[in-house]
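Bear in mind these aren't lab numbers, they're just calculated from the coordinates by the rules spelled out. None of these values were measured; they are calculated from a predicted model.
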Amino acid sequence: MSETMTSPSAAPRRNLIGCDRQDLTALMAEIGEKPFRAKQLWHWIYHRGVTDFTQMTNLAASLRENLGRQFSLDRPAISRQQRSSDGTSKWLVGLADGNEIETVHIPEIDRGALCVSSQVGCTLNCRFCHTGTQRRVRNLSRGDIVGEGMVARGALEEWRSGGGGRRLSNIV
């Protein structure tokens, strides 16, 4: 799990993006919550795509406040985006450490492939990908990679679709 700072004097908040169900269950136990809260968090984070604990309307207000004090839902940010005439979308994604990676959505009639980065810098040197032009710096964390997919889902407005009309079917 990655950590983010809320302010210089605040304690670090743990980022829940990239946590699996087991991680969420353990974190809920740490703060004295029942295991079923992990399932609720999972749904809000990965099925609904919420970016703020206040949006988790089936949780008590006091729990939402507590989650907001201790945890974050920080995703990478899109620094730049491009769309080609064939519908391919590319996003330059900024990571918390200042590095950037590229994520590419390649649409087809019956599916859509999302090419995600797994490293800052890459040795494959694909012609269509900026990441391949960078020297290799580090592997991405689980949270970085999951966040990358979440950013793409947001840019493609998949969170609003409620599961129908998915534009992403494959991740490569």
In order over the stretch 83-89: 3J(HN,Hα) from phi, Karplus 6.51/-1.76/1.60, θ = phi - 60°, whole Hz, x for each Gly or Pro, gives 9, 8, 5, 8, x, 5, 10
Stretchable slack from TRP159 to LEU124, in nm (0.36 nm times residue separation minus alpha-carbon distance) | 9.5 nm
Under 5 Å from the placed amide H of GLN134, counting only residues 5+ away or on other chains, we find CYS122
